[in-house]
Amino acid sequence: MSGVVSRVRPPLITGNKTYHQITEDICASTEKLPGGGWVMLLMMALGLLTFGGVSMFFTIWYGIGTWHLNRTVGWGWDITNFVWWVGIGHAGTLISAILLLFRQKWRTGVNRAAEAMTIFAVMCAAIFPGIHMGRIWVSFFVLPYPNTRGPLWVNFNSPLLWDVFAISTYFTVSLLFWYTGLVPDFATIRDRAKGFRKKVYNFLSFGWTGSAKHWQRWESLSLILAGISTPLVLSVHTIVSFDFATSVIPGWHTTIMPPYFVAGAIFSGFAMVQTLMIITRKALKLEDYITIEHIESMNKVIVLTGSIVGVAYLTELFVAWYSGYVYEQFAFYNRALGPYWWSYFAMMSCNVISPQFFWSRTMRRNIAVTFALSIVVNIGMWFERFVIIVTSLHRDFLPSSWVYYSPSWVEVGDYMFTFGLFGTLYLIFVRVAPVVAIAEIKSILKTGGNQYTGENAEKHHAHSSHAHVAHRPNLGEADKP
Amino acid sequence: MRKYNKTVLYGLYNDEEILKSAVVAIKGKQVDIWDVFTPFPVHGLDPLLGLKESRLHIAGFFYGLMGTSIAFGFMTWVFTRDWPIIFGGKPYFSAPSFIPITFEFTVLMAAVGMVITFYLVCGLGPGVTNPYLDNRITDDKFCIALDITNYSAEEIEQLSSLLKNTDAEEIHTKTI
């Protein structure tokens, strides 16, 4: 084989799979009727979507007066949710692009689902600036199209417009990358399907044949898309942080924002991938493809980015004190000890303290702990955005306009709407598309799987036909709780 | 459905290593391989088949370049010629603040351009149905296809035994 086969690294595909078995295992969820658990989850998602739909209706029909935003706190839950969802979206591209460039084979088990998550999360995110504008039906005003008002162009110097370009580019590129990866896998389902399903998958698979030249171009395309997605994903959250950093509000106007936001985005994105993957691998019986190794690798990313975020929080405090600028000092004093101390406390404990458990190998490989912490981390990251936005605004330069902001039920409902949307889309996705990239998994079977037909294996075969099994214990199975 | 109007003799193999040695053996006999179909990208196959490196990345570079010049040029034109406005006391031509959008648009053009080019040159796209040789090629079979459209029965027999000698699991003919 072309890849280097390591005897030290545990296998990424367990269960002695053959190529055909991989096809069977991964296509299974698209070929049978959904089980009770799926239907129940879909009902829950649709329930949230309905409740959220009502509050969306109120938001759009009556305007954002139905929210508790006011003169002092102009950004509240809406922008908090926007930044939170965009941040979650970052893990998908990180896994599929940056890890491709770094030749990390474990990405093949999770990249498909993580990218789907990215796309759905960005869709959820895009809703918030849209409804925040108040008149969503004129949201196309943000595009620089020749209009009858002059033409009066948009302000290309504004970070908010940079955001429009960043988010829409990010969505488009992620979608293209994801779909191009899906085409060969849709072809696999097409060739197994009959009747109407065959027609549908024939359409979705774009006439894919698996010709050597097509694969060559496909790989070249994937690599270049990965190459340009890497700076893209870093730029997107950098630009989101510019929404704050280029303003003059104490607490927002800090140069540390871009790297701190990017680290936080990867942090929360990986946490969301963990939450989804732990349920998905169990429900769809994909434990042989999304192994403890995958979970552990992601936990390592979580502890790293969580610690970067922690350092960023402390740096911010230090710089506020060191700046000698009273308004900056007050903003941070007010964050930690003001009326919103509880949100600062939640942020610190969820984001900085909780991931430290993952320094321990036992914790990293414990599914229950990982699942619980992945949710804790995302709660923490939501509070981080809430802290940055609301605590910096609610006590502004004029003490007579200081307020305490809490959301109306409509704002909560709008947030629930995005949960419903995300859940519904993800649940549909797991039923219609292969959750694990079939072709990519097959391509690492011999270098990263436990079948082990590489050079090292042949040396072992000289001693005993079973030697390689003993050298590469099936850790994924042994560590199941 | 698209038609090639070709008669194809093809062998199905069970493993990519067998496929690669078969390609070497067939090429060694000076037999032209029409195409090879695999369920996943097999590394090291392209040089054996004599496929040239894809030029998609060159196209991508020019799409990107187009994006850069369109975005930067357009913003410059808008703010220096078409409708100059002073924002926050900055000059009309404030190049640093054009950078984020220029970058995003470069990436957008490069990605969209390359993906469209990819589907066009491969002859793939929504609603396209290409002729296929075997359903299992997208599952676990590796296929070497030889074009035998104008071949005599004797020649076909020879090619067939050549495929058999390279450990082909199954050998079939199909007109596509």
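The numbers here are math on the coordinates, done by the rules we state, and not lab data. For clarity, every value in this text was computed on a predicted model and none was experimentally measured. Don't worry about glycine lacking a Cβ; one is built from the backbone with ideal geometry, like all the others, and counts go over all protein chains shown.
Work out the mean other chain Cβ neighbour count within 10 Å for the residues of B:10-19 and drop it here as an integer.
Values: counts 0, 0, 0, 0, 3, 4, 6, 3, 0, 0.
Mean number of neighbouring Cβ atoms from other chains: 2.
Please give the direction-averaged projected area of the C-alpha convex hull for segment B:132-176, in square nanometres with one decimal. Don't skip to the answer; put the middle values down first.
Numbers: hull surface 13.3 nm².
Orientation-averaged projected area of the Cα hull: 3.3 nm².
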Three-way shape label, segment A:339-389, alpha-carbon gyration tensor, a/c 1.5: prolate
Per-residue HN-Hα couplings for segment B:35-42 [Karplus 6.51, -1.76, 1.60; θ = phi - 60°; Hz; x = Gly/Pro]: 6, 10, 10, 9, x, 8, x, 8
Cβ-defined net charge surrounding residue A:157, 14 Å radius [Lys, Arg +1; Asp, Glu -1]: -1
Length released on extending from residue A:102 to residue A:353, taking residue separation times 0.36 nm less the Cα-Cα span: 87.5 nm
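Output needed for segment B:56-122: three equivalent-ellipsoid semi-axes, defined as square roots of 5 times the C-alpha gyration tensor eigenvalues, in descending order, whole Å.
On the way: eigenvalues 192, 19, 12 Å².
Taking √(5λ) for each eigenvalue gives 31, 10, 8 Å, largest first.
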Relative contact order of segment A:24-133, pairs being alpha-carbon contacts under 8 Å that are 6 or more residues apart, as %: 28 percent
Using a Förster distance of 56 Å, the FRET efficiency for residue A:400-residue B:82 (Cβ separation, nearest 0.05): 0.80
Listed pairs B:20/B:52; A:17/A:282; A:446/B:20; A:199/B:6; B:27/B:164 exceeding 20 Å between Cα atoms: A:199/B:6
Debye, to nearest 20: dipole size of chain B, +1 on Lys, Arg Cβ, -1 on Asp, Glu Cβ: 860 debye
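Report the calculated FRET efficiency for residue A:62 and residue A:42 (r = Cβ-Cβ distance, R0 = 22 Å), to the nearest 0.05.
Working: r = 30 Å, r/R0 = 1.36.
Efficiency, rounded to the nearest 0.05: 0.15.
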Average partner coverage of A:183-191, which counts Cβ from other chains inside 10 Å: 4
Given charges at Cβ of Lys, Arg, Asp, Glu: the protein assembly as shown dipole, positive-most of A:59, A:262, A:344: A:59
Residue-averaged 222 nm ellipticity for the protein assembly as shown, from DSSP H runs of 4+ at -39500 (n - 2.57), nearest 500: -20000 deg cm²/dmol
Helix B:56-77 axis, angle to chain B major axis (alpha carbon atoms, nearest 10°): 10 degrees
At least 24 Å along the helix axis (C-alpha) and Kyte average at least 1.0, DSSP helices within chain A: A:36-62, A:257-283, A:367-386, A:409-432
Distance histogram in 10 Å bins (all Cα pairs of chain B, percent per bin): 9, 25, 23, 14, 11, 9, 7, 2, 0
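Could you tell me the convex hull volume per residue, in Å³, taken over the Cα atoms of the protein assembly as shown? Walk me through the numbers on the way to the answer.
On the way: hull volume 117.2 nm³, N = 657.
About 178 Å³ per residue, rounded to a whole number.
Could you work out the mean count of beta carbons from other protein chains within 10 Å of each residue's beta carbon in A:224-236?
Per-residue shielding by partner chains comes out at 4.
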Spatial separation of Cα centroids for segment A:285-323 and segment A:102-164, in angstrom: 26 Å
Acute angle (nearest 10 degrees) that the helix B:153-165 long axis makes with the longest principal axis of chain B, alpha-carbon atoms: 80 degrees
FRET efficiency estimate (nearest 0.05) - Cβ-Cβ, residue A:179 to residue B:32, R0 35 angstrom: 0.55
